[in-house]
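This report refers to the structure that appears directly beneath it.
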Amino acid sequence: MKFICIVLLFFITAVYADVGKLEKAIKAQYPDIKIQGISKTQFNDLYEVYLGNQIIYTDKSFKFLIVDGHLVDPKTKKDLTADRLSELQRIPFENLPKDLAIKIKKGNGLKKVAVFSDIDCPFCRKLEKDVLMKLDDIEIYTFIFPLAIHPEAEEKSLKIWCSDNPSKNWINFMTNAQLPANDANCVSPVKQIQDFALKHGIQSTPTIIFQNGNRVSGAIPLEEFKSLM
């Protein structure tokens, strides 16, 4: 047992040393890219590098790069890269800045979900109408996340945020395109939400964060949403 412990300690130390060297080699070639994590895979000398919210692969000497490639287990046919990305991109629900969200509670609100949504995004409206409005006993945290391609989205969102009933007015707009009448003059949460999104690699709408921290992008169907929830 003592011998096994010594061998394991030696192996772990060697891996950490290789990771340190690899990180230096990557930074020397790409000094402007932030490395979010490096770990050794189960496949010989292949290392996983998590950067820019994507996974690339290389060897410990940084002799080659595999970009936009997915590791697949030939026995189980599982996409190992997709599984790892899902794990790395998980956002603990308790870490969300919920005070910056529009809160909509339905029923007992026991189930919880968060959505980064652009008010002028057609897929966000589809998610609202076809999925979120058909759920019961749920609390929904909507983070207004206007994209650059929709120049009027921020002002529209602030009209809702600055209103006396943001949750009601959000639903009114997403279902009937009705905005409350105000000058959108209040403290905006948009910059803080954008900073949080940038830190966690959220770039598109709708982006859904489930209570277990898993995240999915796009207007997924109701049954798939329920199964993930």
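Every number here is computed from the coordinates shown, using simple stated rules; none is lab data. Owing to the predicted nature of the structure, the values given are computational and were not obtained by experimental measurement. For neighbour counting, all protein chains shown are included, and Cβ atoms are generated from backbone atoms with ideal geometry for every residue, glycine included.
For segment 105-120, backbone phi angles converted through the Karplus equation (6.51, -1.76, 1.60; θ = phi - 60°) give residue-by-residue couplings of 10, 10, x, 7, x, 5, 7, 9, 8, 10, 9, 8, 10, 9, 4, 9 Hz, Gly and Pro being listed as x. Taking a straight Cα-Cα cut-off under 19 Å and skipping sequence neighbours fewer than 8 places away in the same chain, the aspartates and glutamates within cross-link reach of LYS75 are ASP83.
Extension gain, GLU94-LEU51: 0.36 nm per intervening residue step, less the Cα-Cα distance, totals 13.1 nm.
Pop the C-beta distance of GLN178 and LEU222 into the FRET formula with R0 = 30 Å and round what comes out to the nearest 0.05. Approximately 0.80, to the nearest 0.05. Within the same chain, aspartates and glutamates fewer than 8 places from LYS134 are excluded, and of the rest, those with a Cα less than 17 Å from its Cα are GLU223, GLU224. Only beta bridges with both residues in the chain are counted; by DSSP, about 75 percent of them are antiparallel. Helices that extend 20 Å or more along their long axis by alpha-carbon positions and average at least 1.6 on the Kyte-Doolittle scale are absent among the DSSP H runs of the chain. In the calculated pair-distance distribution of segment 93-228, the portion above 27 angstrom amounts to 11 percent of the Cα-Cα pairs. Distances between placed amide hydrogens fall under 5 Å for GLN36 paired with TYR50, LEU51, GLY52, all partners being 5 or more residues away or on another chain.
As a size descriptor, the averaged projected area of the C-alpha convex hull of the chain was calculated at 17.0 nm². Each Cα pair of segment 36-113 feeds into the Kirkwood radius, which the Stokes-Einstein equation turns, at 20 °C and 1.002 mPa s, into a diffusion coefficient of 140 µm²/s. Straight-line cross-link partners of LYS77 among the lysines, defined as a Cα under 21 Å from its Cα and at least 8 positions apart when in the same chain: LYS40. Helices in the chain, meaning DSSP H runs of at least 4 residues, each add -39500 (n - 2.57). Divided by all residues, the mean residue ellipticity at 222 nm is -11000 deg cm²/dmol. Within segment 93-228, antiparallel bridges make up roughly 65 percent of the DSSP beta bridges whose residues both belong there.
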